[in-house]
Amino acid sequence: MPVGIMSEGSVSLYVHIPFCQSKCSYCDFNSYAGLESLIPSYVGALLTEMGLWQEPTQRMNAATVFLGGGTPSLLPLAEVERIMTALRQRFRLTVDAELSFEANPGTVDRPYLQGLRSLDVNRLSLGVQSLHDDELATLGRIHTAAEAREAYHTARHAGFDNVNLDLIYGLPRQTMTAWQYSVREAIALRPDHLSLYALTVEEATPLADAVARGRLPPPDADLAADMYLWAEDALAAAGYRHYEISNWALPDRHCRHNLAYWLNQPYLGLGAGAHSCFGGFRFANVKDPHRYVSLVKESAKGDARLAEDLPPFLAGLGHVAFAEQMSLARTMAETVVLGLRLVEGLRLEEFRRRFGQELISVYGAQVEELESLGLLERADGCLRLTANARLLGNEAFQRFLPD
Ligand code: SF4
């Protein structure tokens, strides 16, 4: 094995559901509106793909599963059941596995959410984004603020005791007062977890077009930074622990699945465009859902073209569009960069255990320079971004990555 990626004995599973009711104005994710007729064959392909992974993962535990999208809550419950049943048959899910599911307000009702709970889904992530209807309209969301609140309360009544809300800040024309209202209202709901993301204007989106044509002003980066800093204080005062640059949680309610990413542990992504880091390789499936469905069928029949430079566990997978072997240097650098996203930072002892070297013996020059700039600090056995550097993380991250 090239690097210590499989040494943990566990794997996290991500299942991508690329269907959406309509496209939001800012979205460049791998998601599609109007493709619902593909859902049954897409789920069939997911089940087939799981079967292809059964052997390489059979000695590994799966402690987290995340169904993300897209809008997983567009799947009929019967299709979610097919996925959950197959996950249990194909992987060794631990008894206390975290099973997360992304849902959008406006797509869920009480019977649906109760159905998810009966399938043992135990964490719900709601894409609320804002609690102002005008901002939701700018974002092209399908729901209103009232529907977002209703979805949250319905989730609680359906038995979800672990709920995340996503919010976006730095919207065109968004005022600080409007942002403070959304955060305060979200806190008042008392979710277990909050993810706050800065809006980025992605190329070739309707939002980028509106900004380019002057119909909307570009996001104000200074104001967005002030919004982030205000939210940090408000969430701390409300008892939320800031544990990753964009994520806050009540005690013991951090997202275990995402934590596995930030600890650079192995994960398998299933579905169109899903990325994986497994067995010393980083790889990704084809993005287009139709192509994914047909290529998974070929992989299962053994018809896929064999690529000579791939390891046996990837060689017959025609739906894998890209794969690269992770060098030791790259794995160490990514472990540092991902670990620095955590507010606690990167545990120096953990780095030594994993790579057999002191972090400082590998990155001494970078660490000392960034410490002198006030961007990094060492404390409590960890290397971390200073509080002032959380908005400047990229400045620090790029020093560690190989050219
Ligand atoms: S719901 Fe999410 S994935 Fe779907 S279009 Fe909107 S932002 Fe994109």
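The values are calculated or read from the model by the stated rules, or taken from the named source; none is laboratory data. Fair warning: this is a prediction, and the values are worked out from it, not measured in the lab. Please note: Cβ atoms are built from the backbone with ideal geometry, for glycine as well, and neighbour counts cover all protein chains shown. For accessibility, only protein heavy atoms count, side chains too; no ligands or nucleic acids. Shrake-Rupley method; radii C 1.70, N 1.55, O 1.52, S 1.80 Å.
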Legend entry - Helix-only mean residue ellipticity at 222 nm for the chain, each DSSP H run of n ≥ 4 adding -39500 (n - 2.57), per residue, nearest 500: -12000 deg cm²/dmol
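State the antiparallel share, in %, of DSSP beta bridges confined to the chain, rounding to the nearest 5. Could you put the intermediate results ahead of the total?
Working: 23 of 56 bridges.
That works out to approximately 40 percent antiparallel.
Return an integer: the convex hull volume of the alpha-carbon atoms of the stretch 227-377, in Å³ per residue.
Working: hull volume 24.1 nm³, N = 151.
That works out to 160 Å³ per residue.
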Legend entry - Accessible surface of the chain, 1.4 Å probe, proportion on carbon and sulfur as whole %: 50
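What does the net charge come to around GLY70 if you take all other residues with beta carbon closer than 15 Å to its beta carbon, with K and R at +1 and D and E at -1? Write down the numbers at each step before the final one.
On the way: positive: LYS23, ARG141, LYS287; negative: ASP28, GLU36, GLU79, GLU102, ASP166, ASP288.
So the environment of GLY70 carries a net charge of -3.
Taking the Cα centre of the chain as the origin, how large is its charge dipole in debye, to the nearest 20, when only Lys and Arg (+1) and Asp and Glu (-1) carry charge on their Cβ atoms? Please report the intermediate quantities before stating the final value.
Details: 36 positive and 49 negative charges, 183 e Å.
Using Cβ point charges on Lys, Arg, Asp and Glu, the chain gives about 880 debye.
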Legend entry - Stokes-Einstein D in µm²/s, Kirkwood radius over Cα pairs - the stretch 336-403 at 25 °C with 0.890 mPa s viscosity: 207
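How large is the Kirkwood hydrodynamic radius of the stretch 162-218, counting all unique pairs of alpha carbons, in Å?
12.8
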Inset, instruction - Ignoring everything but the protein chains, give the 1.4 Å probe accessible area of VAL286 in square angstrom, nearest 10. - result: 10
Legend entry - Computed lengthening from ALA365 to ARG291, 0.36 nm per intervening residue step minus Cα-Cα distance: 22.0 nm
Legend entry - Probe 1.4 Å - accessible area at ILE187, Å² to nearest ten: 30
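From the C-alpha coordinates alone, can you work out the Kirkwood hydrodynamic radius of the stretch 89-219, in Å?
Numbers: mean 1/r = 0.0625 Å⁻¹.
When all Cα pairs of the stretch 89-219 are included, the Kirkwood radius is 16.0 Å.
How do LEU119, LEU328 rank by accessible surface area computed with a 1.4 Å probe, from largest to smallest?
Ranked from most to least accessible, the order is LEU328, LEU119.
Give me the Kirkwood hydrodynamic radius of the chain in Å, from all C-alpha pairs, to one decimal place? Mind showing how you got there, number by number?
Numbers: mean 1/r = 0.0447 Å⁻¹.
Final number for the Kirkwood radius of the chain is 22.4 Å.
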Legend entry - Cα point-scatterer Debye curve for the stretch 292-396, base-10 log of I(q)/I(0) at q = 0.11, 0.16 Å⁻¹: -0.52, -0.73
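Provide the gained length on full extension for the span GLN180 to ALA234, in nm with one decimal, where the gain is 0.36 nm per separating residue minus the Cα-Cα distance. If you can, show how the numbers build up before the last one.
Values: separation 54, 0.36 × 54 = 19.44 nm, distance 0.89 nm.
Extending this stretch completely gives an extra 18.6 nm.
Take the Cα atoms of the stretch 1-160, build their convex hull, and give its volume per residue in Å³. The partial results should precede the final answer.
On the way: hull volume 20.2 nm³, N = 160.
Hull volume over Cα atoms, normalised by residue count, gives 127 Å³.
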Inset, instruction - Express the accessible area of the chain per residue in Å², computed with a 1.4 Å probe while the remaining protein chains stay in the model. - result: 43
Inset, instruction - Identify all aspartates and glutamates with a Cα-Cα distance to LYS297 below 14 Å; exclude those on the same chain that are fewer than 8 residues away in sequence. - result: GLU49
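Full extension from ASP226 to ILE39: what is 0.36 nm times the residue separation minus their Cα-Cα distance, to one decimal in nm? Don't skip to the end; give the middle numbers.
Values: separation 187, 0.36 × 187 = 67.32 nm, distance 4.19 nm.
Value of the extension gain: 63.1 nm.
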Legend entry - ILE245 versus LEU310: modelled label distance in nm, points set 7 Å from Cα along the beta carbon direction: 3.1
Inset, instruction - Please report how far the C-alpha centroid of the stretch 248-286 lies from that of the stretch 93-127, rounded to the nearest whole angstrom. - result: 18
